[in-house]
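The values are calculated or read from the model by the stated rules, or taken from the named source; none is laboratory data. Predicted, not measured: the structure shown is a model, and the values here were computed from it. In this analysis, Cβ positions are derived from the backbone assuming ideal geometry, glycine residues included, and neighbour counts consider all displayed protein chains. The accessibility values were calculated without ligands, DNA or RNA, using every heavy atom of the protein model including side chains. Shrake-Rupley method; radii C 1.70, N 1.55, O 1.52, S 1.80 Å.
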Amino acid sequence: MSTLDPAAGAGYDDPPARVGFFTDTSVCIGCKACEVACKEWNGVPARGRELLGSSYDNTGGLGADTWRHVAFIEQRRPGTGDLRWLMSSDVCKHCTRAACLDVCPTGALFRTELGTVVVQEDVCNGCGYCIPACPYGVIDQRRDDGRAWKCTLCYDRLRDHAEPACSQACPTNSIQFGPLDELRARAAGRLEQLHELGVDDARLYGHDPDDGVGGAGAFFLLLDRPEVYGLPPDPVVTTRDLPKMWAAAAAAALTLVGSAVAAFAGGRR
């Protein structure tokens, strides 16, 4: 299986090209059209009129009722000290190696033929195992029903050959949707362009198939370190040690059984 083709590894024969998001934060204007479009299309409940009081960001972060979140970061520009805003629309990363899939006991979370990761709301039993498994803290349980919810990358729209609601609503093309290979090539070109313009801190995040989650299906062009945007700098799949743990447990069990058999055999002499 190619690290960029998890659908083949999930058992799909000759799957279509993997699709995803490339979010270019250098052109995000913080309009939150993506948040609204996501809620409208997916029927995600409103969170009321709570305000953080410390930012124009009134949604705070991703959660069961916020599948798209536009971060507003106010900071002094490195070097000059001038005030600047950093804005970025965050979303589920649809990891190549998704720990949430590994721990789901009911199959409510599944890999689609397009390489995305979707929660089936009618199968989820609310066990919550997927919540701590996500290295990005994306999946969340809804208070009133206990089930897990997150971005589906508008799987229903994709099956009708339509674009996800958030990227279609983005007025600056900050959120771009398409085949992942095309997006990666486009992102590399944009990064080179920004570096030529002197934006030396610009960098890609989640694009590398050799990173701790095998690369993300939703990756970003950032203008500062990932931590500034609330993203983990070096995420890893949280179930990476499970095979070793199961092997150790099996070895311990075999040792116990062998000891018991030896003790029983010795006692009969």
Based on this model, can you work out whether ASP200 counts as open to solvent by 50 Å² or more (accessible area, probe 1.4 Å), within 29 Å of ALA108 (Cα to Cα) and among the acidic types (Asp, Glu)? no
Picked from the range 221-231 (must be within 14 Å of TYR136 (Cα to Cα) and open to solvent by less than 30 Å² (accessible area, probe 1.4 Å)), the residue nearest to the chain's Cα centre (by Cα) is LEU231
Just the residues that are open to solvent by less than 50 Å² (accessible area, probe 1.4 Å) and among the small types (Gly, Ala, Ser), please, taken from the range 138-187. GLY146, ALA148, ALA162, ALA165, SER167, ALA169, SER174, GLY178, ALA187
Those residues of the range 98-120 which are touching a Ser or Thr at 6+ places or on another chain (Cβ under 8 Å), open to solvent by 10 Å² or more (accessible area, probe 1.4 Å) and touching a residue at least 40 places away in the same chain (Cβ under 8 Å), in sequence order: ASP102, VAL103
Strands (runs of 3 or more DSSP E) completely within the range 139-244 that count 1 or more residues being touching a residue at least 24 places away in the same chain (Cβ under 8 Å) and at positive phi: 175-179
Going by what's in this entry, would PRO132 be described as touching a residue at least 40 places away in the same chain (Cβ under 8 Å), open to solvent by 40 Å² or more (accessible area, probe 1.4 Å) and not in a strand (DSSP E or B)? yes
Hey, VAL123 of a type in the set (A, V, I, L, M), open to solvent by 30 Å² or more (accessible area, probe 1.4 Å) and closer than 22 Å to VAL44 by Cα or not: yes
Check off (1) touching an Asp or Glu at 6+ places or on another chain (Cβ under 9 Å); (2) open to solvent by 40 Å² or more (accessible area, probe 1.4 Å) for VAL70 and give me the number that stays unchecked. (2)
